[in-house]
């Protein structure tokens with residue numbers, strides 16, 4: 001566990017309203033779950049968010065699991081708080097709850 005990497009993650013998730021740690025990019029996701037996460041954000045009308053490609057950021061890839069005690073990718077953070085992965089995002093979206101969370105982040 002690298003304290004500097006954890007501090008960088010903390011700064012990223014608390015300094016930006018919406019952050020998605022994913023494999024690949026929103027335009028070119030490198031796994032189905034990351035692709036689904038990007039699609040769910042798009043369906044919520046979210047176009048302006050920070051997407052971190054964990055495949056290109058070894059520090060984030062190795063240390064993110066310690067930051068929020070969440071072992072898998074993608075990971076969505078809204079206003080510094082871990083929301084979850086693509087399954088949770090999809091579930092919240094279908095209930096209309098994710099839309100409220102992203103709206104609160106824009107405000």
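Nothing in this text is a laboratory measurement; each read-out follows from the coordinates by a stated rule. Model, not experiment: these values are computed from the prediction. Reconstructed Cβ throughout: ideal geometry from the backbone, glycine too, with neighbour counts over all protein chains shown.
Below, the figures for the structure above:
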item: Options [x] 13.5; [y] 22.2; [z] 14.8 - which one matches Kirkwood radius over Cα pairs in Å as calculated here; result: [x]
item: Helix 86-95 vs. the chain, principal-axis angle (Cα, 0 to 90°, nearest 10); result: 20
item: 222 nm mean residue ellipticity, helices alone, for the chain (DSSP H n ≥ 4; -39,500 (n - 2.57); rounded to 500); result: -15500 deg cm²/dmol
item: With Cα atoms, 0 to 90° folded angle of helix 3-15 axis to the chain main axis; result: 20
item: Nitroxide proxy distance, nm - points 7 Å out along Cα→Cβ at residue 48 and residue 62; result: 3.5
item: On Cα atoms only, tilt of 32-43 relative to the major axis of the chain in degrees; result: 50
item: Span from the segment 69-107 Cα centroid across to the segment 1-25 one, whole angstrom; result: 15
item: Three-way shape call for segment 1-58 based on the alpha-carbon gyration tensor, with the a/c threshold at 1.5; result: oblate
item: Peptides ranked, highest mean first, by Cβ atoms within 10 Å: ranges 40-49, 20-29; result: 20-29, 40-49
item: Gained length - residue 1 relative to residue 79, 0.36 nm times residue gap less alpha-carbon distance; result: 25.7 nm
